[in-house]
Amino acid sequence: MNYDKIINDTVIFVKNTLQNAEGGHDWWHIYRVWKNAKLIASTVNVDLLIVELGALLHDIADSKFNNGDELIGAKIAKKFLELQNLDSDKILHIVKIIENISFKGGKEIQKFNSPELDVIQDADRLDAIGAIGIARAFNYGGFKNREIFNPNIHPNFNMTKEEYKNSSAPTINHFYEKLLLLKDKMNTETGKFMAKERHKFMEEYLSQFYKECGFDSAQPSFDVWFSDWISLFLFNLNFISILMWLKLKRFFILKGGWAESKPRYLISFEHFCFWNDFHFYI
Ligand code: ADP
Ligand code: NI
C-alpha cells in the first residue's frame, strides 16, 4: 500500500462525493478537519494514516442529509477502503471512528474510544466553534429555513438524541445546546488549547449580537438563571446537612448522649448559624 496514493485517492473520492453538499458539511469542512487533525496528531502518539483517512471520510454521508440513516457514512467509507486494499483491522478502526464521532446532543454514551478518534473528534469540534463554527451554524439554519433568534424560544438542555436531531429551534439556541459546550468536551491538550480562543470569540460574538438586539449583554434565559440558583441552594443545603450530621454524631457518640450534650449543642447551633464561626465547631 502506497501512503500518498491512498490519501490522494481518498481526497478525490471525498471531493467528488461532496460536490453538492450543504456549505457547512462540504469538502472545505473536510479539508479544515483534515488539516487540524494532522496538526493535533503531531502532538500525540497516533497512527497517522488512520487519523488522515478517518478525518477525510468522517462526513462522507451525514445521516442528517440521508433520511436519518446513521450507518450510511460508515458503510460507504468501508466499501471505498476495501477497494483500496487497506488492512481489515485499519478499515474496522476507521469505520468505528465514523460511527462514533458525532455529538448528537451530547447525551449518548460513546461506544468506542481510541487516540485516533480523540484527535479527529477534536478537529471536527474545532470546526464547529469560533468564526467558522458561527458561519456553519447560520448556514445550516438557513439551509433548514430556521429563525436566527427568537427570545421566546429558550434553549433546551435536556434534549434526547431524537429531540436534538429533530429540533427546529432558532440557530442562536444551537450555541447553548451544542457550540458553547464543546470547549469542555475536547479530548487532547492541543484541542483544548485551540478551543479556548474560538470559544471566547463566540462569547464576544453573542454579546455583540444581544447588544444589537437591544439587550445590554448576553443574558442567560430565566430558566438557566433559575436552575443555577436552585442548584447552588441545594448544594449549600447538602453541605449544611453534612455539617449538622458531623456535629450531632460528635455529641451523641463522643459526648455520651443527648441530655449531656444539649446545652453545648444549642450554643454551638447558634454559632453554627453564623457562617464565620461554623468551622470552629466541626
Ligand atoms: P454532530 O452530529 O456532531 O452534532 P453535526 O453534523 O450535526 O454534528 O453538526 C455540525 C455542524 O452543523 C454544527 O456544528 C453546526 O454548525 C451545524 N448544525 C447542526 N445542527 C444544527 C442546528 N440545529 N442548528 C444550527 N446549526 C446546526
Ligand atoms: Ni464533521
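The values are calculated or read from the model by the stated rules, or taken from the named source; none is laboratory data. Quick caveat: nothing in here was measured; it's all calculated off a predicted structure. Note that we place each Cβ from the backbone using ideal geometry, even for glycine, and neighbour counts take in every protein chain shown. In case anyone asks, the SASA skips ligands and DNA or RNA and just uses the protein heavy atoms, side chains included. Shrake-Rupley method; radii C 1.70, N 1.55, O 1.52, S 1.80 Å.
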Query raised in the report: Which residue out of N139, N158, N166 is within 26 Å of E212 (Cα to Cα) and surrounded by fewer than 21 Cβ atoms within 10 Å (Cβ to Cβ)?
Result: N139
Requested in this report: List the helices (runs of 4 or more DSSP H) that sit entirely inside segment 118-197 and contain at least 3 residues that are within 16 Å of ligand 2 (Cβ to nearest atom).
Outcome: 130-143
Query - Of residues in segment 39-55 being within 15 Å of I7 (Cβ to Cβ) and within 21 Å of the chain's Cα centre (by Cα), the one farthest from ligand 2 (Cβ to nearest atom) - result: A41
Query raised in the report: Scanning for something out of contact with any helix residue (DSSP H, G or I) (no Cβ under 9 Å at 6 or more places or on another chain) and modelled with pLDDT of 95 or more, does segment 88-100 turn up at least one residue?
Result: yes
Requested in this report: Any residue in segment 25-40 that's assigned by TED's automatic domain parsing to the domain that holds A137: show its pairings with residues that are within 15 Å of ligand 1 (Cβ to nearest atom) and modelled with pLDDT under 95 at Cβ separation under 7 Å, as long as the two are six or more apart or on different chains.
Outcome: H25/D62
Query raised in the report: Which one is most open to solvent (accessible area, probe 1.4 Å), of the residues in segment 85-105 that are closer than 21 Å to W28 by Cα and within 13 Å of ligand 2 (Cβ to nearest atom)?
Result: S102
Report summary line: Filter segment 74-104 for residues that are more than 26 Å from F193 (Cβ to Cβ) and outside any helix (DSSP H, G or I); the one that is farthest from ligand 1 (Cβ to nearest atom) is N85
Requested in this report: Could you please find all residues in segment 115-130 being open to solvent by 10 Å² or more (accessible area, probe 1.4 Å) and more than 12 Å from ligand 1 (Cβ to nearest atom)?
Outcome: P115, E116, D118
Requested in this report: For segment 165-177, indicate whether the set of residues that are among the aliphatic types (A, V, I, L, M) and at pLDDT 90 or above is non-empty.
Outcome: yes
Report task. Scan segment 6-25 residue by residue and report those that are among the polar types (S, T, N, Q) and either under 22 Å from A135 (Cα atoms) or open to solvent by 40 Å² or more (accessible area, probe 1.4 Å) (or both). Result -> N8, N16, T17, Q19, N20
Report task. Quick one: which residue in E147, E108 is closer than 21 Å to L182 by Cβ, open to solvent by 50 Å² or more (accessible area, probe 1.4 Å) and among the charged types (D, E, K, R)? Result -> E108
Query - Members of segment 50-69 that are away from ligand 1 (no atom under 14 Å from the Cβ) and open to solvent by 10 Å² or more (accessible area, probe 1.4 Å) - result: E52, N67
